[in-house]
1. Take the conditions at pLDDT below 95, among the small types (Gly, Ala, Ser) and surrounded by 14 or more Cβ atoms within 10 Å (Cβ to Cβ) and apply them to SER55. Does it pass?
2. Can you tell me which of (1) without any contact (Cβ under 8 Å) to a residue 12 or more places away in the chain; (2) under 18 Å from ASP81 (Cβ atoms); (3) of a type in the set (Phe, Trp, Tyr) is the one TRP26 doesn't meet?
3. Can you list residue pairs whose Cβ atoms sit under 7 Å apart, with the first residue in the range 65-93 being exposed (fewer than 10 other Cβ atoms within 10 Å of the Cβ) and the second being among the small types (Gly, Ala, Ser)? Count only pairs 6 or more apart in sequence or on different chains.
4. Being surrounded by 16 or more Cβ atoms within 10 Å (Cβ to Cβ) and under 16 Å from the mean Cα position of the chain (by Cα) is the filter here; which residues of the range 116-136 pass it?
5. Any idea which of SER14, SER53 is small (Gly, Ala, Ser) and out of contact with any Lys or Arg (no Cβ under 7 Å at 6 or more places or on another chain)?
6. Conditions first: (1) at pLDDT below 95; (2) surrounded by 14 or more Cβ atoms within 10 Å (Cβ to Cβ); (3) closer than 13 Å to LYS7 by Cα. GLY28 passes all but one, so which condition is the exception?
7. Within the range 1-37, which residues are aromatic (Phe, Trp, Tyr) and part of a loop (DSSP other than H, G, I, E, B)?
8. Out of all the residues in the range 61-96, which are outside any helix (DSSP H, G or I), of a type in the set (S, T, N, Q), more than 15 Å from the chain's Cα centre (by Cα) and closer than 23 Å to TYR51 by Cβ?
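The values are calculated or read from the model by the stated rules, or taken from the named source; none is laboratory data. These numbers were taken from a predicted model, which means no experiment stands behind them. Cβ placement follows ideal geometry from the backbone for every residue including glycine, while neighbour counts extend to all protein chains displayed.
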Amino acid sequence: MNYWLIKSEPTVYSIDDLRQDKKTSWTGIRNYQARNFIRDQMKKGDLCLFYHSSSEVKGIFGIAKVASNPHADLSAFNKKDSHYDPKSTKENPIWYAVDVQFVKKFKKPITLGELKLGMELDGMMVRNKGARLSVLPVSEKHYNIIEENAD
């Protein structure tokens, strides 16, 4: 099993949206490194830390689970979608997505400040200055530390 941190702006799609929807396709990723994580490494059953970015409180708000193996990101084919990419075709997709399902929301988020202060989280990619990828791998050790420190 792999562990991930997936980022979303809460005004676009929040942990509460996922809780209500129960499951969604994690689409719109348009960074090649993040795409490669999705396409080459994410698998059904992997666990994800759900991170709110570009918000007043940045941090991990809950847990999601990968509910499908990687598949073509359908938003790339939709001309009306802001993530449309005319170079991506159904025969030769460039962009990939996975479905994620809600597992739980933390009673209080683990903020970015708390993540940066925790010495036991040294090496966690989200702590790095400029770590802007919307999908980041997380070690099992770091995942377990965060889950243990969540309410």
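1. yes
2. (1)
3. Short answer, once both residue conditions are applied: LYS90/ALA72.
4. Correct list: MET124, VAL126, LEU133, SER134, VAL135, LEU136.
5. The match here is SER14.
6. (1)
7. Result: TYR13, TRP26.
8. Answer for the range 61-96, where residues must be outside any helix (DSSP H, G or I), of a type in the set (S, T, N, Q), more than 15 Å from the chain's Cα centre (by Cα) and closer than 23 Å to TYR51 by Cβ: just SER82.
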